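What follows is a set of notes on a single structure, which appears directly below.
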Amino acid sequence: VNKKNIKEGQAEILLASEKVFYNPVQEFNRDLSIAVLSIFTEDYKSEQIARNLKKDKKVCENVFQDASGNNSEVPIIILEALSATGLRSIRYAKEVPNITKIVANDISKQAVETIQANIVHNNVEKLVETSHDDACMIMYKHKLPLKRFAAIDLDPYGCPSIFLDSAVQSIQDGGLLLVTATDMAVLAGNSPETCYSKYGAISLKTKCCHEMALRILLQCIESHANRYSRYIVPLLSISADFYIRVFVKIYSGAIHCKKTTSKLSMAYHCVGCDNITLQSMGGFKPNPSEKNPQQTKSYLPSGPPVNEFCQHCNQKHHLGGPIWSAPIHDEVFVSRILTHVQNNPQLFNTSKRIHGVLSMVREELETPLYYTLDKLFGRVHLETMPMLIMRSAILNAGYKVSYSHASKLSVKTSAPSHLIWDIVRTW
Ligand code: SAM
């Protein structure tokens, strides 16, 4: 057999067959996942100990004490549900600290044979085991609380939605779900009906389609989690190359699920000037002035109705969404990954790119979506204004402005849309 050796990070992969999937372009995705998992596993242990100490003793004994009553380590077991060559799992085993075990699963027999050969080739037999199963089946088999995984990685071809029902049930409370989606045409508005059937949201063809894609995927994961009284807390959401990748924590709590609608919005997209107006879906929101803000019964009405015609150019609206309109990153978590990568650049081949992307992510305003300079000025057939002038104009008017990591020409701002059009008109 014609074997090909591939080195990436601390792993060396033998590719015995062209039929087993390997994509070198995804090295950035794998490097970033390793950086995220390294910070996540640090926190996870202490969080689990604190969480279980609060619960009844039995759970504590099962999880934290061995047969002789000695305290044992919090297990950190990771599932790579769609593993192909095993490269990602082997890299996790060699490069992420604190991991107890990794299960590398694939439905293809050939892939599982490749993974097994690669485990032996990399001497990680003690940490990585193979599984030959349908991804959903292995996850459903681990949905009972004591069998759940600390983290699940979903990296399928195209759309991940068919794996979400089982994934959200098989992750520990406070565990991490890592999801890639590569069906960008669907998510970016080329086929809104398909997007609705796959993700439960209508996509829009617009300048900020990459962030829309992230927000559609996040609402989709949240809606799957809510069915089991669980909810997501996004840590990091990235648009890169031809795919998107989100890292979300999963928690249980029916009361938190009531707040989901307040984290979602419908999006009205003007067919004339490309302007987007969000309408919040309203719902329960914690009221910090109340004694127990989690128990609050204050109900937020949905946002004001959006007119049939655009306020700027009088053209019709297309309706998109619902999208996740709450924060898509955790700034503190992002800063910690950034510091980790800055302090250890030798660990990642793509450390420069991670540094660049995360520096932008850290500066991103929480305001959903963005304008792009070329589209704004293209619409009115004017030469594009330099970015510096646009940003200064917004700042001088007293509003905030930032880039989005998803687009070089992006303008994310807290300013109302009429101010942006006023600035365009003065050019
Ligand atoms: N995660 C890999 C990496 O980083 O190199 C790449 C995974 S590749 C895009 C997708 C893999 O999913 C293929 O190897 C395919 O055999 C496998 N697959 C497809 N459907 C599956 C299913 N229902 N259950 C388990 N594996 C599946």
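No value in this document is a laboratory result; all are computed from the given coordinates. Worth saying up front: this structure is predicted, and the values here are computed from it rather than measured. Reconstructed Cβ throughout: ideal geometry from the backbone, glycine too, with neighbour counts over all protein chains shown.
Values computed for the structure shown
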item	result
Selection from Ile138, Ala151, Ser108, by position along the positive dipole direction of the stretch 94-217 (Cβ)	Ala151
Contour excess over end-to-end distance, with Cα ends at Ser392 and Lys205 and 0.36 nm allotted per residue	64.5 nm
Between the stretch 247-272 and the stretch 308-334, the Cα center-to-center distance that results, in Å	12
Residues Phe309, Phe333, Phe348, sorted so that the one with the fewest Cβ neighbours within 10 Å comes first	Phe309, Phe333, Phe348
In the stretch 1-56, lysine pairs with alpha-carbon atoms under 18 angstrom apart (chain gap of 8 or more, or interchain)	4
FRET efficiency for Glu113 and Arg362, using Cβ-Cβ distance with R0 set to 60 Å, rounded to 0.05	0.90
Nearest-ten-degree value, helix 27-54 long axis tilted from longest Cα axis of the chain	70
Cα-Cα over 28 Å, subset of Lys94/Lys408; Lys143/Lys258; Lys316/Lys375	Lys94/Lys408
Extension gain (nm, one decimal) between Tyr399 and Lys45, 0.36 nm per residue minus Cα-Cα	123.4 nm
Residues with amide H under 5 Å from that of Gly303, placed H, sequence gap 5 or more	Ser280, Met281, Gly282
FRET efficiency for Val332 and Asp241, using Cβ-Cβ distance with R0 set to 25 Å, rounded to 0.05	0.40
Inter-label distance for Val233 and Ile162, nm, one decimal - labels placed 7 Å from Cα along Cα-to-Cβ	3.3
Angle between the chain longest axis and helix 209-226 axis [Cα atoms, degrees, rounded to 10]	60
DSSP beta bridges in the chain [antiparallel fraction, %, rounded to 5]	70
Helix-only [θ]222 nm of the chain, DSSP H runs n ≥ 4, -39500 (n - 2.57) each, per residue, nearest 500	-11000 deg cm²/dmol
Estimated dipole of the chain in Debye, rounded to 20 [Cβ of Lys and Arg +1, of Asp and Glu -1, Cα centre]	700
Virtual spin-label span in nm between Thr194 and Gln346, 7 Å along Cα→Cβ	4.6
Net length gained if the chain between Lys101 and Tyr299 were fully extended (0.36 nm per residue, minus Cα distance)	66.9 nm
Label-to-label distance, nm, for residues given as Thr426 and Phe309 (7 Å Cα→Cβ offset)	2.8
